[in-house]
Ligand code: NAD
Ligand code: UDP
């Protein structure tokens, strides 16, 4: 069985490639390297001890993408390709709508034309908005996203639902990720943000390695145990394993299913800082800063559905996430 991985050179994509190869799937990667480097895929090959075809291309380039479906026999697609910086999406909404939504529509058209109707899509817990009560479950109403990035996820989910309503021979798995952090335990692949990291864990890692002097904690007056924001952090290799389980299920059934991929446990910003310090024996200086616009206080998953239907639960704990993040960062202080 051969799986096309759009955005396979990126953070989650590269880890998923390793786990798919370990599970004996054949893979084909398609990426325009707008937020990644070919080196990540060279390291995937090294870790898995296997080779696979790589196509440099944009998902909006229909000619190029159609060529891949002509040359390769693709049984299913795992669709990671997209832009993901929340702040940037507020400054460049059209680029986000074009790349994420426009690109996905083109991909789906080409898949349909090629007769390949199985797709796993990278969605996000951001679609739960700010009105639902934790833990978030898949039956809750979605909406109320606070930035164009989140809105692209919401619209793509709607597009996939409309597509399935029009043609129930599709197999669609929408995965709502909570907060992926960590890296492969080898320290060979990991998250490699451009510029100043937006997300908590990459920022902590850069403070630890001496690239940034201090972590700003965005708000300490939330209604949480220590006043800082609470999130459901999930090890990226557990997330990758969730994709292997989801695509395996897709290959045997049609339908549209939505799964939360999270641990079901919420940790505060200060929990993360303290655990990183303890596990890695490094001090992380912090300063309290104002709340960040658009943030909610608490976000964690009800992860039961993935457990029951996919047989998937996260295996790695917060110590593992902090240890593996640091192992990657210290061995690759400047990324790839
Ligand atoms: P990433 O930026 O590391 O990976 C995305 C990959 O897609 C990159 O390699 C990039 O070069 C490629 N890409 C972007 N636009 C493309 C295009 N038009 N054509 C071809 N390739 C393109 O991001 P990631 O963290 O690995 O995220 C993967 C997916 O998961 C994204 O869709 C993201 O929105 C989603 N997601 C990520 C998180 C997170 O915290 N990392 C959370 C929820 C959802
Ligand atoms: N956060 C922080 N300082 C940072 C980055 C993030 O205090 O430099 C907080 C943020 O306010 C939130 C949590 O860390 O409570 C997780 O933020 P992240 O951007 O990693 O993920 P998301 O907002 O997508 O859940």
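Structure notes:
- Of the residues making up region 115-132, at least one is exposed (fewer than 15 other Cβ atoms within 10 Å of the Cβ), in contact (Cβ under 8 Å) with a residue 60 or more places away in the chain and either assigned to a loop (DSSP other than H, G, I, E, B) or in contact with a helix residue (DSSP H, G or I) (Cβ under 7 Å, 6 or more places away or on another chain) (or both).
- The residues of region 46-63 that are closer than 16 Å to residue 3 by Cα and either more than 15 Å from ligand 1 (Cβ to nearest atom) or assigned to a loop (DSSP other than H, G, I, E, B) (or both), listed by number, are 48, 50, 51, 52, 53, 59.
- As a summary of the residue check, residue 174 satisfies the conditions (1) within 19 Å of residue 5 (Cβ to Cβ); (2) part of a helix (DSSP H, G or I); (3) within 20 Å of the chain's Cα centre (by Cα) except for the one numbered (2).
- Unique match (being touching a strand residue (DSSP E or B) at 6+ places or on another chain (Cβ under 8 Å), more than 16 Å from ligand 2 (Cβ to nearest atom) and within 22 Å of residue 14 (Cα to Cα)) among 256, 251: 251
- The conditions of being within 16 Å of ligand 1 (Cβ to nearest atom) and farther than 18 Å from residue 289 by Cβ are met by residue 242.
- Entirely in region 213-328, the strands (runs of 3 or more DSSP E) that have 1 or more residues that are surrounded by fewer than 17 Cβ atoms within 10 Å (Cβ to Cβ): 215-218, 255-261, 286-289
- Scanning region 180-199 for residues that are buried (at least 22 other Cβ atoms within 10 Å of the Cβ) and more than 15 Å from residue 335 (Cβ to Cβ) returns 180, 181, 182.
- Count of residues meeting criterion [touching a residue at least 60 places away in the same chain (Cβ under 8 Å), in contact with a strand residue (DSSP E or B) (Cβ under 9 Å, 6 or more places away or on another chain) and either in a loop (DSSP other than H, G, I, E, B) or within 8 Å of ligand 1 (Cβ to nearest atom) (or both)] in region 15-39: 1
Bear in mind these aren't lab numbers, they're just calculated from the coordinates by the rules spelled out. These figures come from a predicted structure and were not determined experimentally. Cβ sites come from the backbone with ideal geometry, for glycine too, and all protein chains shown count toward neighbours.
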